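First up is the structure itself, then whatever we jot down about it.
The values are calculated or read from the model by the stated rules, or taken from the named source; none is laboratory data. Being a predicted model, the structure only gives us computed values, none of them experimental. Every residue, glycine among them, receives a Cβ derived from its backbone with ideal geometry; neighbour counts consider all protein chains shown. Ligands, DNA and RNA are excluded from the accessible area calculation, which covers all protein heavy atoms including side chains. Shrake-Rupley method; radii C 1.70, N 1.55, O 1.52, S 1.80 Å.
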Amino acid sequence: SLGWVDVDHVITRKMQLIAEAEQLKPVFMKEVDSHFTEFVNSLVAKSALLDSSSSASLFPASSSEKELYKAKTLRAPPEHGKIFTARRSLLDELFEVSHIRTIYHMFIALLIVFILSTLLVDFIDEGRLVLGFDLLVFVFGKFPVVFCTWLCMFCATVIVPYNLFVWWAQGYSRSSHRVIHSFFYGMLFTLFQTAGLGFGPTYVAISYALPPASRFIVILEQVRLVMKAHSFIRENVPRVLSSVKDKSSTVPIPRISQYLYFLFAPTLIYRDSYPRNPTIRWGYVATKFAQVLGSLFYAYYIFVRLCIPQFRNSSQETFNLRGLVLCIFNSILPGVLILFLVFFAFLHCWLNAFAEMMRFADRMFYKDWWNSTSYANYYRTWNVVVHDWLYYYAYRDFLWFFGKKFKAAAMLSVFTVSAAVHEYVLSICFGFFYPVLFCLFMCFGMLFNFILNDRRKGPIWNVIMWTSLFLGQGVIICLYSQEWYARQYCPTENPMFLDYLKPRSWSCHMKM
């Protein structure tokens, strides 16, 4: 009243208001969540009404029960599969939050520490700054062979599957022996997938003795193009069958431009069209490619500082349980860092860069896999692009063929296919067969998939999931690195077939 401000009273009142706001926050969030749930439920209900009305128009009440049963047993058309919609990647949204962006800055600071550590150690040992990147030059060697191989694979994928489908579709309606006609073209397509895209690139990678990173480029592109070609045929064949059944005058054949766009688009599910952005942000593209390059150098310094010093002399030590346990726990840190880098560089930066250049609007290449409390949810959210392909073309087609009673068998088949392909990629790229990843995937992966299922919701399950993931990365980095150095420093003269299957690290004790 005399012009003085009671500071203590103002601060006390402010703290009371903050406390009241904190108390109201859960109630407010609960109300927002309930209204949002009601809104989503209403959208689902309206969608169900639209589906029922469309099905009623397709199958009028005068249709017989036999026709209705036949209609239900037909494969679902492509538009009933994955729905593409315009949405941003999750990390792009999270990086707008300053707290999350700080974690990104911490990883950049760790990279700077790795660089300074490497430069200082080289300066102390050599008396000068050594800026060589011999490891990168080696692993990405023979690039002209890689480029020519990729160009042949891509051109073959453009020409062969598309023309086989066009010839089959144009002749199917006029053919009097449709089963034989379809079997003939199906065998040609299968031959192309196994011999052309399957055997050819593998033979080039082995016969030309490509280094590891170059082999990864060839083999991963091989797998990607095989999956793309399968999706194109799988999505378009039912449309042709439906048009012939309806006696349509036109055969639904996609344009070659649509197929070409699909081959470059960051998805493995074919559609004639996708949601598109109006413009291309070239600054965003440049940023993502720069982050990919930075992640590559990050991985280089991880191997130089954390992996190579540990495993270079591993062939001097006798293989024993104590050394194995120490090796696994020493490999957890580089293994986890490599896991983060693969996720960030490929699933976020690389796919978003190509999506931006293609104006591809659906950027859900992954979900919040780091919040998973179950391995079932982790497998669904880690790599959405591959998961969609496995779900629609392996899991759902398995159930369509054998019946919905065999869900466990369908899941087992999907796990087996995924584990076999992962092990195939590593075996070809490293040049030896050491099925560590296959055993982890099929044994512990399947076990945790059933134990850590979707009913596990507490935070302790997220801790258990991360702990097992850390240990798995340590096992992978340790065993594959030991085997790599054992193969380099303990070569076998006149090796037999069993020598390629027997782990060399178990018996390699030669002094370097």
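Determine the alpha carbon to alpha carbon distance for each of LYS82/LYS407; LYS247/LYS407; LYS288/LYS407; LYS367/LYS407 and list only those over 28 Å. Provide the component values of the computation, followed by the final result.
Numbers: LYS82/LYS407 20 Å; LYS247/LYS407 35 Å; LYS288/LYS407 39 Å; LYS367/LYS407 24 Å.
From the list (LYS82/LYS407; LYS247/LYS407; LYS288/LYS407; LYS367/LYS407), the Cα-Cα distance tops 28 Å for LYS247/LYS407; LYS288/LYS407.
Need one value: the accessible area of TRP167 in square angstrom, 1.4 angstrom probe, rounded to the nearest 10.
130
For region 416-496, take N as its residue count and report Rg(C-alpha) divided by 2.2 N^0.38 Å.
Cα-based Rg divided by the globular estimate yields 1.38.
Given contacts defined as C-alpha pairs under 8 Å and at least six residues apart, what's the relative contact order of region 132-264, whole-number percent?
Values: 86 pairs, mean separation 47.4, N = 133.
Once divided by the residue count of region 132-264, the mean separation gives 36 percent.
Using a 1.4 Å probe on the protein heavy atoms, what percent of the accessible area of region 132-264 belongs to carbon and sulfur? Write down the numbers at each step before the final one.
Numbers: 5050 of 6920 Å².
C and S atoms contribute 73 percent here.
Quick one: order TYR298, TYR395 from most to least accessible surface, probe 1.4 Å.
Numbers: TYR298 15, TYR395 50 Å².
Greatest to least solvent exposure: TYR395, TYR298.
Treating only the Cβ of Lys, Arg, Asp and Glu as charged (+1, +1, -1, -1), what charge dipole size does region 132-264 show about its Cα centre? Round to the nearest 20 debye. Please list the in-between numbers first.
Working: 11 positive and 4 negative charges, 98 e Å.
Charge dipole, region 132-264, about its Cα centre: 480 debye, nearest 20.
Quick one: accessible area per residue over region 188-322, 1.4 Å probe, rounded to a whole number of Å²? Could the numbers behind the result be given before it?
Numbers: 6550 Å² over 135 residues.
Heavy-atom SASA per residue in region 188-322 reads 49 Å².
Roughly how large, in nm² to one decimal, is the mean projection of the convex hull of the alpha-carbon atoms in region 241-357?
Values: hull surface 52.0 nm².
Answer in nm², one decimal: 13.0.
Karplus couplings for region 108-118 from phi (6.51 cos²θ - 1.76 cosθ + 1.60, θ = phi - 60°), rounded to Hz, Gly and Pro as x?
5, 5, 5, 4, 4, 5, 4, 5, 4, 4, 5
Under 5 Å between amide hydrogens, which residues at least 5 positions from PHE360 or on another chain qualify, with H placed 1.01 Å from N in the peptide plane?
Answer set, sorted by chain and number: ASN277.
From the phi angles alone, apply the Karplus equation (6.51, -1.76, 1.60; θ = phi - 60°) to region 235-247 and give each ³J(HN,Hα) in whole Hz, x where the residue is Gly or Pro.
7, 9, 4, x, 5, 5, 4, 5, 5, 5, 5, 7, 6
Please report Rg (one decimal) and Dmax (integer) in Å for the Cα set of region 132-264.
18.4, 67
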